Amino acid sequence: MAAETHALTEDDAGTWLDGFLPYAIERGDIAGAVVTVVKDGRILVRRGYGFADVEQRIPVDPDSTLFRVASVSKLFTWTAVMQLVEAGQLDLDADINRYLDFQVPGRGAPITMRHLMTHTAGFEANIKNMWTSEAVAQAHGLALGPYLAHWVPKRIFAPGTTPAYSNYGTSLAGYIVERVSGLPFPEYVERRIYAPLQMDHASFRQPLPPALRAHASQAYARGSGEARAFEVTPSVPAGGMSASGSDMARFMIAHLSAASGHDTPILRASTSAQMLTPQTRFAPPLHTMALGFYEIDVNGQRVVSHAGDTFSFHSQLFLFRDQNVGLFVALNSAGVGGVTGPLRRELLERFADRYFPVTAPAPPAPAVDAALAAQQARRLAAPAYRESRRTETGLGRITFLSQARLQALDDGSLRFERMKQPNGQPTLFKPVGPWLWQATHNEVRLAAILKDGQPVGFAVDSAAPFNAFLQIEGYRSAVWLKPLLIAAVVVLVLTVLAWPIAAIVRRRNGRRLDWSPAALRAYRLSRVACVWMLLMPVAGLAVMTWGSADFARFDDRLDPIVILLGIGTLIAIVGGIAATAWHLLQTLRSRRGVFAILRAALLLASACVLAYVLVLMGLADFALDY
């Protein structure tokens, strides 16, 4: 039976959104949202839901309330880049160092603007100094060049080989716009994009100008909680923009018009066609990157998109290229249970199902070889994986054991625990082809990344254009290391707990350890070392948890703590192994029996395992550029 098609009109879309968004944000504990729909060159619907300021009971106004659009800001940076390409001032395939006043070395090959626009430059994703406060920005400014020159991240992949989403790469592109045009990046966007489109409630400036700051939405972890501080990023071109829903609608109209073959005030049609041409495809047949936009097709419709996330604000822009329709949504709260990602996906799918449903019967699915599907599922589920977008320096490695795993089922399906459905359940993917699976509740697909016919990773449609899950190296795979670490920690914890308990029992029974002075010292020192070794990962994780509550805390002021963690970890590694080895040696010399020797040997082995993990966690790196 063909799905019912509704005409996309102002009344129908407004009524439908009024039935969907209020319930969705209440369910997700989100304070406020804005949504705009454009069609055929005009704003069809603009809606504000909930509150921009809960305490003051200020409602969201789609025309004037400014939301932080986070990484949707990148689309303005990429538009600025393409304007300069259009003017012949930038070459997409030239070494970016041609345009910079500092050097950014590649890894085996130069990095180009095309690499930056497709997130294939190979940068690791550092977390330090990604966010700051309005007070710091006001006092010291946000000079883009010095910031980027000082914080050049390591290149962990060769350019063009691996998708790895990079805020730094986008900021480099913004700085190149600044260098080539001779204008500060925020001013360039104001002159060349905002002004032609009459975007009066949008800005890259941080702090916001007073006239706009008065209209900025508050930020919330949960809508039922307290407001958080305004989020400021020194990586301005990557995520520093604030805008109203109506102004984002004007931006969508311009891009849709250019994509439809019309020259616009910001881009020619030919430039738009170049910008929307697919560039990379690391896991065929999944979605891919264009130049800045990424594919997110639904119901057979060609859709390009970009999402954005700060801690509190979450947004996404969708362009239905063949329908001349755009949809933008922004939320001012993180909400509960990671709801903002599934909510945006649900909005896209329900919007498409209502206005652009699949009207023709789906062709019969090709037969799937059940035995082959089960075999491929098992092979893909065997290793552990890490995202290509990751930090490999210092403190950023502390959660390296949080590796992604797939669960293979007997029928060849894969369960992906990390990817949640709107109801909070893990996503189940059914096999639909060789090395290809599709979610049971939507069109999202999962595909293996193959090298010489062998799986080396996998990707999922929703993030495949800019992120992949790559098989982790064997020496740090959670498949074997996590159970070994758990066993080692259990041994160390039981040893530490048994130390005072045994002492109390001996005292009550009037007994003493009849050991040599050296054996007693080795015994006591080994127990102290165990305590110290257990404290260091706890301390490191505590610092990471504290910082993750507000990423602006990861700045230079944290450096003394990072250095202290390094010193403490180095003492734990060297002292822990030395003390437990000395204890084993003294146990052997004292001839205290086989079981005592085995316990001492097990303690040494456990200390070695934890020491190995501490090294892999980066706590002993003394790295201040994490």
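The values are calculated or read from the model by the stated rules, or taken from the named source; none is laboratory data. Bear in mind the structure is a predicted one, so any value in this text is a computation, not a measurement. Please note: Cβ atoms are built from the backbone with ideal geometry, for glycine as well, and neighbour counts cover all protein chains shown. For the accessible areas, the whole protein counts, side chains as well, though only heavy atoms, and no ligand, DNA or RNA atoms are used. Shrake-Rupley method; radii C 1.70, N 1.55, O 1.52, S 1.80 Å.
Dividing the convex hull volume of the alpha-carbon atoms in region 237-335 by its residue count gives 126 Å³ per residue. So how tilted is helix 559-590 from the main axis of the chain? Cα-based, degrees 0 to 90, rounded to 10. Taking Cα atoms only, the helix is inclined about 30 degrees. The H on the amide N of Ala468, modeled in the peptide plane, is under 5 Å from the matching H of Ser388, Arg389, each at least 5 residues off or on a different chain.
Measuring with a 1.4 angstrom probe and ignoring ligands and nucleic acids, Ser260 comes out at about 60 Å² accessible. Helix 167-181 sits at what angle to the longest principal axis of the chain, using alpha carbons and giving 0 to 90 degrees rounded to 10? It is inclined by approximately 50 degrees. Excluding ligands, DNA and RNA, the accessible surface per residue across region 295-414 is 36 Å² with a 1.4 Å probe.
At the listed q of 0.14, 0.28 Å⁻¹, the Debye profile of region 337-400, built from one uniform point per Cα, gives log10 I(q)/I(0) equal to -0.93, -1.06.
To one decimal place, what Kirkwood hydrodynamic radius in Å is obtained for the chain from all pairs of distinct Cα atoms?
On the way: mean 1/r = 0.0373 Å⁻¹.
For the chain, inverting the mean 1/r across all distinct Cα pairs yields 26.8 Å.
Please find the FRET efficiency linking Trp546 to Ile58, where r is the Cβ-Cβ separation and R0 is fixed at 25 Å, and quote it to the nearest 0.05.
For Trp546 and Ile58, the calculated efficiency is 0.20.
One compactness figure for region 438-492 is 1.59, namely its Cα radius of gyration divided by 2.2 N^0.38 Å. Extension gain, Thr9 to Arg107: 0.36 nm times the residue separation minus the Cα-Cα distance gives 30.1 nm. Inter-label distance, Val574 to Arg553: 3.0 nm, where each label sits 7 Å from its Cα along the C-beta direction. Using C-alpha pairs below 8 Å separated by at least 6 residues, the relative contact order for the chain is 16 percent. Which percent of the accessible heavy-atom area of the chain goes to carbon and sulfur, probe 1.4 angstrom? Carbon with sulfur: 57 percent of the solvent-accessible area. Using the Cβ-Cβ distance between Arg418 and Arg524 with R0 = 41 Å, the FRET efficiency computed as 1/(1 + (r/R0)^6) comes to roughly 0.40.
Rounded to the nearest Hz, the phi-derived 3J(HN,Hα) couplings of region 474-491 under the Karplus curve 6.51 cos²θ - 1.76 cosθ + 1.60 (θ = phi - 60°) are x, 5, 10, 7, 5, 4, 9, 6, 5, x, 5, 5, 4, 4, 5, 5, 4, 4, where x marks glycine and proline. Among Trp435, Trp532, the order of accessible area from largest down is Trp532, Trp435, computed with a 1.4 Å probe on protein heavy atoms. In the complete set of protein chains, residue-level accessible area for His115 is approximately 40 Å², probe 1.4 angstrom. The candidates Arg507, Arg378, arranged from most to least accessible area with a 1.4 Å probe in the full protein assembly, appear as Arg507, Arg378. Distance between the 7 Å Cα→Cβ label points at Gln425 and Leu624: 5.1 nm.
Per-residue surface analysis assigns Ile25 an accessible area of about 10 Å², computed on protein heavy atoms at 1.4 Å probe radius. Spin-label pair Leu484-Arg589: with each label point 7 Å from Cα along the Cα-Cβ axis, the two points sit 3.0 nm from one another. Remark: relative contact order (region 503-626) = 35 percent; criterion is Cα-Cα distance under 8 angstrom and separation of 6 or more residues.
Using r as the Cβ-Cβ distance of Gln274 and Arg390, and R0 as 35 Å, what FRET efficiency do you calculate, to the nearest 0.05?
Details: r = 31 Å, r/R0 = 0.88.
For R0 = 35 Å, the calculated efficiency reads 0.70.
Between 0 and 90 degrees, the angle of helix 245-259 with respect to the longest Cα principal axis of the chain falls at about 70 degrees. Could you tell me which of the pairs Lys128/Lys430; Lys128/Lys420; Lys154/Lys482; Lys128/Lys451; Lys420/Lys482 are separated by over 31 angstrom between their Cα atoms in the structure shown? Table pairs above 31 Å Cα-Cα are Lys128/Lys430; Lys128/Lys451.
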